[in-house]
Amino acid sequence: DAGITQSPRHKVTETGTPVTLRCHQTENHRYMYWYRQDPGHGLRLIHYSYGVKDTDKGEVSDGYSVSRSKTEDFLLTLESATSSQTSVYFCAISESGDRGRATEAFFGQGTRLTVV
Amino acid sequence: GDSVTQMEGPVTLSEEAFLTINCTYTATGYPSLFWYVQYPGEGLQLLLKATKADDKGSNKGFEATYRKETTSFHLEKGSVQVSDSAVYFCALSEVYSSASKIIFGSGTRLSIRP
């Protein structure tokens, strides 16, 4: 199994509080991604990183920020949590393959976040 | 922007039935295509992939062919088993401004009756 770990695995937090989720990899892969999974929406990309301190927005980035200060760690922060951010969050890693396209993605086990 | 469209589920079949899950994509470039599977309570794992037109990806009896002319990557299996019950996601990866994103469809839930 690819070395990718998410923490925490479960969290309950109150509306308005900041929350940080951590993704840690031991594979030295270039790309790291944060997705959220909601019924009927599949996986939606929040933010992604293509190197240390290189990040970009995905399709549902509002209310989220990310940081990648080391190759192995990619942090997702909910600046002020809202109930609409209750979801399962997945981190994924990938390498750069043919013509720069991301190759197979390896996923973490997910973080179930509940905002009350 | 680029996108992936899958047939809506849930799909319910009897054991040993033939399976097709449709997937079409919209892309400005030449993406790589993937099928991922998610078993209950787990993260996603790669099922198969194809990186160029007419490539056929296969794994565990599942197959999908990269059809550039119809922008499709339909998943098929000749005889499904109860253990195939899961959620299946079609995805593409493409390069955008020197970085690559992986975009997923909405997923198709498959249930197999004994």
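The values are calculated or read from the model by the stated rules, or taken from the named source; none is laboratory data. Everything numeric in this text was worked out from a predicted model, so none of it was measured. When we count neighbours, we look across all protein chains shown, and the Cβ atoms used for this are built from the backbone with ideal geometry, even at glycine.
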Whether any residue in segment A:78-99 is under 26 Å from residue A:27 (Cα atoms), among the acidic types (Asp, Glu), outside any strand (DSSP E or B) and away from every other protein chain (no Cβ under 14 Å) is what I want to check. no
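Could you please find all residues in segment B:47-67 being assigned to a loop (DSSP other than H, G, I, E, B), more than 10 Å from chain A (Cβ to nearest Cβ) and surrounded by 14 or more Cβ atoms within 10 Å (Cβ to Cβ)?
Result: B:55, B:66.
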Counting only strands (runs of 3 or more DSSP E) entirely within segment A:1-67, those with at least 1 residues that are surrounded by 17 or more Cβ atoms within 10 Å (Cβ to Cβ) and within 14 Å of chain B (Cβ to nearest Cβ) are A:4-7, A:19-25, A:31-38, A:42-51, A:54-57
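Go through segment B:70-100 and count every residue that is away from chain A (no Cβ under 11 Å) and under 14 Å from residue B:57 (Cβ atoms).
First, the residues of segment B:70-100 that are away from chain A (no Cβ under 11 Å): B:70-86.
Next cut, under 14 Å from residue B:57 (Cβ atoms) only: B:72-77.
Qualifying residue count for the region: 6.
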Anything in segment A:74-100 that is free of Cβ contacts under 8 Å to residues at least 60 places away in the same chain and more than 22 Å from residue A:44 (Cβ to Cβ)? List them, or say none. A:97, A:98, A:99, A:100
Looking at segment B:12-29, can you tell me whether even one residue there is in contact with a Phe, Trp or Tyr (Cβ under 6 Å, 6 or more places away or on another chain), under 18 Å from residue A:41 (Cβ atoms), more than 10 Å from chain A (Cβ to nearest Cβ) and not in a loop (DSSP other than H, G, I, E, B)? yes
I'd like the residue in segment B:15-35 that is hydrophobic (A, V, I, L, M, F, W, C) and at pLDDT 95 or above and, out of all such residues, is nearest to residue B:68 (Cα to Cα). B:33
Selected residue (criterion: nearest to residue A:100 (Cα to Cα)) from residues of segment B:101-114 that are more than 9 Å from chain A (Cβ to nearest Cβ) and not polar (S, T, N, Q): B:109
Condition broken by residue A:62, with the remaining ones in (1) farther than 20 Å from residue B:92 by Cα; (2) in contact with a Leu (Cβ under 7 Å, 6 or more places away or on another chain); (3) of a type in the set (Asp, Glu) satisfied: (2)
With respect to residue B:33, is the statement that it is within 14 Å of chain A (Cβ to nearest Cβ), over 15 Å from residue A:42 (Cβ atoms), in contact with an Asp or Glu (Cβ under 8 Å, 6 or more places away or on another chain) and not in a loop (DSSP other than H, G, I, E, B) true? no
With the condition kept exactly as written, say whether any residue in segment B:25-46 is of a type in the set (Gly, Ala, Ser), crowded, with 18+ Cβ neighbours inside 10 Å and in contact with a helix residue (DSSP H, G or I) (Cβ under 8 Å, 6 or more places away or on another chain). yes
What's the number of the only condition in (1) under 16 Å from residue B:6 (Cα atoms); (2) at pLDDT 95 or above; (3) not polar (S, T, N, Q) that residue B:105 fails to meet? (2)
